[in-house]
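Trainee: Provided herewith is a single structure, encoded as structure tokens, for subsequent inquiry.
The values are calculated or read from the model by the stated rules, or taken from the named source; none is laboratory data. These figures come from a predicted structure and were not determined experimentally. Here the Cβ positions follow ideal geometry from the backbone for every residue, glycine too, while neighbour counts run over all protein chains shown. Quick note on the areas: whole protein, heavy atoms, side chains included, nothing else; ligands and nucleic acids left out. Shrake-Rupley method; radii C 1.70, N 1.55, O 1.52, S 1.80 Å.
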Amino acid sequence: MSKRTITRWYIGAWLAWFVSLCALVVMAHAAPNSLGRTLVIVVMVVSGLITLYMWLRALIKLARRHATFSFVAILLLQLVGLGIVGMVSYALSGPEEKLGYVTRPSVT
């Protein structure tokens with residue numbers, strides 16, 4: 001999975017979670033026990049799982065590249081509640097890694 005895909009899914013799921021949180025706060029005063037509130041909670045759980053998965057994929061990718069500083073920075077930022085900052089910095093850091101295959105010239 002590419003770095004671009006990981007960061008897009010992470011940030012998209014984070015935004016969905018944040019919007020759902022805002023909707024949940026608004027709905028708490030209007031209708032405390034409604035189907036809409038249940039759906040918002042389901043969206044929050046699913047988007048939270050997506051962010052967790054994409055965060056783990058980013059950490060695995062950094063570990064395979066032996067990018068120790070980036071690995072520790074993203075890990076610590078997530079653990080202190082600033083995961084979105086870590087993933088944005090991950091998106092902006094360096095070029096995408098090269099493909100791991102070699103092409104041979106044709107023999108004529």
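Trainee: For the list (1) open to solvent by 80 Å² or more (accessible area, probe 1.4 Å); (2) outside any helix (DSSP H, G or I), I need the number of the one condition that GLY81 fails.
Mentor: Unmet for GLY81, out of (1) open to solvent by 80 Å² or more (accessible area, probe 1.4 Å); (2) outside any helix (DSSP H, G or I): (1).
Trainee: Additional query: Cβ-Cβ distance below 8 Å, separation of 6 or more or different chains: which pairs start in segment 21-37 with a residue that is closer than 18 Å to SER47 by Cα and end on one that is modelled with pLDDT under 80 and not polar (S, T, N, Q)?
Mentor: ARG37/ALA28; ARG37/ALA31
Trainee: Among the residues of segment 33-42 satisfying the criterion of being open to solvent by less than 70 Å² (accessible area, probe 1.4 Å) and not polar (S, T, N, Q), which is farthest from ALA13 (Cα to Cα)?
Mentor: Ranking the candidates gives GLY36 first.
Trainee: Quick test for you: out of VAL102, VAL25, VAL43, pick the one residue that is modelled with pLDDT of 90 or more and either of a type outside the set (Lys, Arg) or in a helix (DSSP H, G or I) (or both).
Mentor: None of the others qualify; the one that does is VAL43.
Trainee: Now for a different question. Kindly provide the set of residues from segment 1-32 that are aromatic (Phe, Trp, Tyr) and open to solvent by 40 Å² or more (accessible area, probe 1.4 Å), ordered by number.
Mentor: TRP9, TRP14, TRP17, PHE18
Trainee: Test ILE60 against the stated conditions and say whether it is closer than 14 Å to TYR90 by Cα, surrounded by 15 or more Cβ atoms within 10 Å (Cβ to Cβ) and of a type in the set (Val, Ile, Thr).
Mentor: no
Trainee: So if I check each of GLY12, GLY36, GLY48, which one is modelled with pLDDT under 90 and of a type outside the set (D, E, K, R)?
Mentor: GLY36
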